[in-house]
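The values are calculated or read from the model by the stated rules, or taken from the named source; none is laboratory data. Note that the structure is a prediction, hence the values are computed from the model and not measured. A quick note on method: Cβ atoms are made from the backbone with ideal geometry, for glycine too, and the neighbour counts reach across all protein chains shown.
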Amino acid sequence: MSSIIEQTSEIYGIANWGADYFGVNRKGNLIVYAPENENLTADVKEIIDDLKKRGIDTPVLLRFPQLLFGQIRKLQTAFRKSIKEFEYEGGHLCVFPMKVNQNRAVIEEYLKEGTRYNFGLEAGSKAELYAALAMEQSKESLLVLNGFKDRDFVRLAFAGAGAGKNVVIVIEKMSELEHTLSLVKEVTETDPNASLPMVGVRVKLYSKGSGKWEKSGGEAAKFGLTTTEILDVIRRLQEAGRTDMLKLLHFHIGSQLTDIKRIKNAMKEAARTYAKIHQMGLPIEYLDVGGGMAVDYDGSRTSFESSANYNAREFANDVIYVIKMVCDDENVPHPTIIQESGRYLSAYHAVLVTNVQEEIETVVQDHVPMVIEKDDPQVVRELHDLRETINSKNYREYYHDSLEHREELFTMFDLGLITLEDKGKGEVLFWDVCEKADQFAQLKKYVSEEFDDLRRLMCAKYLANFSVFRSIPDNWALEQLFPIVPIHKLNKKPTEYATLCDITCDSDGIVDKFVDLHDIKPVLELHKLSKDEPYYLAIMLVGAYQEVMGNNHNLFGSPHEAHIFIGEDGHIIKKVIYGATLGDMLSTVRYDTNQLHDQFRRQIMKRIKDGDLSTKDGNSWIEFYENQAESYTYLLPNGSA
């Protein structure tokens, strides 16, 4: 039994991408390990069964705050060890970019653990800043403000400074600096000793990152100041007598940075810029290296777009070593390094579990024994002969012959030369030949491309009860890979090859690329569906960006959410947040449910008045319609009442 579990774990690559947080127990169920104690685990199938007893159906997003804590500790430990090893004289702080996941529970849990290490927040909009100002942070942590800013945005920053927060306004345009200096004058005229925010500048580096977001860096980047513009900021601060406010240099070269070499090049350029600014007599003390620390979604440890060719310790070593080397060369103090690695911190903690609703038939299957008659068209009889005589030596030739016969079959039908029954019989025979040809092809050491394409065509399509656009939008928009694994039956060998279709009315609502150690798999190994029991899949590592980037295509809203604590007795469901209802989603597109109820009721009452509907039936439909406003936007799993 254990060997089968090892094989299935290898099929899904759990040990490769799981970062030691996920595994399989003896029951064959997916489990989550508590980072602080690997002997504490939670069985995901048991969690789903427990939620179902409480009336919470899939899809459901499971949050494991302990995994968020684990990533915070990994990052802090990596930098602490690197600082000690290289005798770095500056410090290390982290700020969590709220754009990665603004969910209040995520921010609060992050601060609960991050406060121990003086980790703070980063806000890139007025709404994010508005929320951040009310959050309790440690006195030594920072609140870094990125993005374009108007006067109200900057004024909110001053409110934060007034509340005792260490706010840093990162200047993106000269107008932001003018707003800042104007408000400094306004505030200090009333109170000369007023607490003021700090000022930072974002430099537009020549260096670029790697991966899908490499355009975030380089000379054509959206954000950042050129060397001339930075000098203008310094000049303007000098004219205003406020050079004391300039404390931070910031840069960002992209999200999901896959190649450590690109990161090191950027660090050198940024560290040199920091050193030159310091040598101008400015009190700069923070170097914000931005975000971009990658998550190894496929577990390959490569520079592939869904991976990373480094780990946290290697990242920390290179950042600390390169910055120290440049600063020592320039004879300037080592800065406190600020990091914005939101993806790395939050991706692992959230898992979306959904049920497979049913299988979508993609190839013709005949469930009635086929009888070939003498008067059947010749093309049908020839397809039958191919099916009966195909073997490991002739499968390629026979597959090609079957393709020709199918074209002939369609042509004859279009010309009215064969019946619908003949066409149906020929289609069944064709797909039978394809299935046998595929079986023989897969036994070969090298499988040709045409049979890879055939397998992709013939694979099952499992209808999964979720929306790609809502829950994994990066898969649709950017072809980001996310590990997908059954949460049970992992002690049984999967026998089906499948792709996933979501329940939206959109042909793009599919998942047909899957993580693999050496390649991208066009199909996923799954188990055969049974009418008597549900089949659950987990989409892993969805804690970064997916919730906040998800859209409301087809008005499928947020799924149910459960917060899970892993303790000595297994899982504890700490909190359940119900997903979006029909009424919730309709309100997002400006419908009023009361008005809808009135309009529907009028239509029913007219039918009753005209004698086309009984009063009893009409009232029954009105009651049903109005009750649906409080129902879940997703499908009821098969077997549910």
Condition check: of a type in the set (Val, Ile, Thr) and surrounded by fewer than 24 Cβ atoms within 10 Å (Cβ to Cβ). Does ILE47 satisfy that? no
Please work out if LEU443 is within 28 Å of CYS501 (Cβ to Cβ) and among the aliphatic types (A, V, I, L, M). no
Within region 297-336, track down each residue that is buried (at least 24 other Cβ atoms within 10 Å of the Cβ) and closer than 16 Å to ALA78 by Cβ. ALA308, PHE315, ALA316, VAL319, ILE320, ILE323
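Which of the strands (runs of 3 or more DSSP E) contained wholly in region 455-511 include at least 1 residues that are more than 21 Å from the chain's Cα centre (by Cα) and not hydroxyl-bearing (Ser, Thr, Tyr)?
Details: elements: 460-464, 484-486, 496-501.
Result: 460-464, 496-501.
Looking only at residues that are of a type in the set (Ser, Thr, Tyr) and not in a loop (DSSP other than H, G, I, E, B) in region 591-641, which one is nearest to GLY55 (Cα to Cα)?
Within region 591-641, the subset of a type in the set (Ser, Thr, Tyr) is 591, 593, 614-615, 620, 625, 631-634, 640.
Adding the requirement that they be not in a loop (DSSP other than H, G, I, E, B) leaves 593, 615, 620, 625, 632.
Numbers: THR593: 24, THR615: 33, SER620: 24, TYR625: 21, TYR632: 11 Å.
My answer is TYR632.
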Please tell me if GLY583 is in contact (Cβ under 8 Å) with a residue 40 or more places away in the chain and either surrounded by 12 or more Cβ atoms within 10 Å (Cβ to Cβ) or within 25 Å of LYS53 (Cα to Cα) (or both). yes
Helices (runs of 4 or more DSSP H) wholly inside region 62-158 that include at least 1 residues being of a type outside the set (S, T, N, Q), under 20 Å from ALA19 (Cβ atoms) and in contact with a helix residue (DSSP H, G or I) (Cβ under 9 Å, 6 or more places away or on another chain): 65-85, 104-114
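Is it fair to say LYS574 is closer than 30 Å to GLN66 by Cβ, of a type in the set (Lys, Arg) and outside any helix (DSSP H, G or I)?
Values: closer than 30 Å to GLN66 by Cβ: yes; of a type in the set (Lys, Arg): yes; outside any helix (DSSP H, G or I): yes.
Yes.
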Could you count how many residues in region 230-281 are touching a residue at least 12 places away in the same chain (Cβ under 8 Å) and either closer than 25 Å to GLU186 by Cα or hydrophobic (A, V, I, L, M, F, W, C) (or both)? 27
Please verify whether TYR274 is out of contact with any Ser or Thr (no Cβ under 8 Å at 6 or more places or on another chain) and either under 30 Å from ALA477 (Cβ atoms) or modelled with pLDDT of 90 or more (or both), treating the condition exactly as stated. yes
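Within region 543-568, track down each residue that is out of contact with any strand residue (DSSP E or B) (no Cβ under 9 Å at 6 or more places or on another chain) and part of a loop (DSSP other than H, G, I, E, B).
So the first thing to find is which residues in region 543-568 are out of contact with any strand residue (DSSP E or B) (no Cβ under 9 Å at 6 or more places or on another chain), and the list is 545, 548-556.
Result: TYR545, GLY550, ASN551, ASN552, PHE556.
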Those residues of region 72-107 which are among the aliphatic types (A, V, I, L, M), buried (at least 23 other Cβ atoms within 10 Å of the Cβ) and under 26 Å from GLY550 (Cα atoms), in sequence order: ILE72, VAL95, MET98, VAL100, VAL106
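Assess whether ALA159 counts as being more than 18 Å from TYR286 (Cα to Cα), of a type outside the set (Phe, Trp, Tyr), touching a Leu at 6+ places or on another chain (Cβ under 7 Å) and surrounded by fewer than 14 Cβ atoms within 10 Å (Cβ to Cβ). Lay out the reasoning, then the answer.
Working: more than 18 Å from TYR286 (Cα to Cα): yes; of a type outside the set (Phe, Trp, Tyr): yes; touching a Leu at 6+ places or on another chain (Cβ under 7 Å): yes; surrounded by fewer than 14 Cβ atoms within 10 Å (Cβ to Cβ): no.
So ALA159 fails the test.
Of the residues ALA42, ALA15, ALA19, which single one is aliphatic (A, V, I, L, M), closer than 23 Å to ARG343 by Cβ and not in a loop (DSSP other than H, G, I, E, B)? Before the answer, list the steps.
Details: ALA42 fails: closer than 23 Å to ARG343 by Cβ; ALA19 fails: not in a loop (DSSP other than H, G, I, E, B).
The unique qualifying residue is ALA15.
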